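Have a look at the structure below, then the notes.
A short reminder: the numbers here are calculations on the coordinates, not readings from a lab. As the structure is a prediction and not an experimental result, all values here were calculated from the model. No Cβ is skipped: glycine too gets one built from the backbone with ideal geometry, and neighbour counts run over all protein chains shown.
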Amino acid sequence: MRPVKVTAAAVGAVLAAGAAGVVAGRFASDAALKAPPGRPLPTEPRLTVHSTAAGRITLTRDLASLRPGTYGLAGDGSHAVVGAVLESAADTADTVVRRLERVTHGTFETGDRAWLTANVHIGNPGTALGLEYADIDLPGELGPLPAWFVPGHRDTWVIAVHGLGTTREHPMNVMAFLHARRLPVLALAYRGDLGAPRPPDGLNHLGESEWRDLDAAIRYAVRYGARRVVLYGWSTGATMALRAAAHSALRERVCGLVLDSPVLSWEATLRALAQARHVPEHLLPLAVRAAQGRVGLHADHGADPVDPEHLTVPTLIAHGPDDTVAPWVYSRRFAGRRPDLVALHTVPDAPHGAMWNADPQEYEERLRRFLTPLM
């Protein structure tokens, strides 16, 4: 009987280890599948406010606080806009001084914890930008989808969709630019966002199912006068744009794509977010398998979510090698396979989803050149 007892014990140990592996994999995959909108991704460090003065703010010295460009600075219940690093300021080995453009909400006190965000504006297009706009509800697959509509005089509409860690406030970074070119803009909240329907499983599918909400926005735009649409997505919103351009019943109305920091390999992005949460290396394969099983993601093995060979419309990709969430190499590879349709705007020193923030002027010039023939 002794060998039988040993075997039973071994089987029990294997089952216990397997159950523990499943739990560990689910926990690790939560970094991406449960990333809440409007909260910082785990790749974004928390910074300490050391002091504030007229037109300047002193933050913890970090690669993040040294980034060039214009960013939102968010804390618990507060938001400001910070500009360039002030090289002439009296910083230290542990601090860096940036220009404080404005405090838009709350206050920042010494000792407060904050993080840089791509969301420069908060509120709505009226309060933040002074633009005429309308609050609308789009009929979506799971229920009404809140959206902002900023009217314009052209019959080419821009449909803007945010990605991981941000909200529909993110597209306001370029909304004034688009409005100045008389382009109607539709910026939507999709399943899982505040005010939008909750996904049945409560999980982010990294664009795999969310693209159908973007498809609903295309139908709305066409119903109300759009002859053509440009799909403009950030992060997983860019993934949604690619899927909608390939699978929408109205895909012939899509005349262009703008993809900022596109997630072109969900496996790479999930691994990056899990690593940022300090998930041990040996658990990362479990995280990938858990995500695949939980939300039905296709094993991509590094492939693009949509084969670039099937691309049919002009596409602008804005991405950079410092993105630790969605590796730039996939964008470079995507563009290299379709140089006839894809232009790659490479942005150095920019984190995920913040290509505009790093250099707004150059970004908008590239965007102007791309959009002009599509208007």
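I need the calculated FRET efficiency for the pair E252 and R277, taking r as the beta carbon distance and R₀ as 30 Å, to the nearest 0.05. Once rounded, the FRET efficiency stands at 0.10. Across the chain, the volume of the C-alpha convex hull divided among the residues equals 162 Å³ per residue. Ordering A318, H352, A335 by Cα displacement along the dipole of the stretch 303-364 toward the positive end leaves A335 in first place; charges were set at the Cβ atoms of Lys, Arg (+1) and Asp, Glu (-1). Each 10 Å bin from 0 upward holds the following percent of the Cα-Cα pairs of the stretch 43-189: 11, 36, 27, 18, 7, 1. Taking a ≥ b ≥ c as the square roots of the Cα gyration tensor eigenvalues, with a/c under 1.5 meaning rounded and otherwise prolate when a/b beats b/c, else oblate, which class fits the stretch 134-187? Cα axes put the stretch 134-187 in the oblate bin. Considering only the Cα atoms of the stretch 177-289, their convex hull presents on average a projected area of 8.6 nm².
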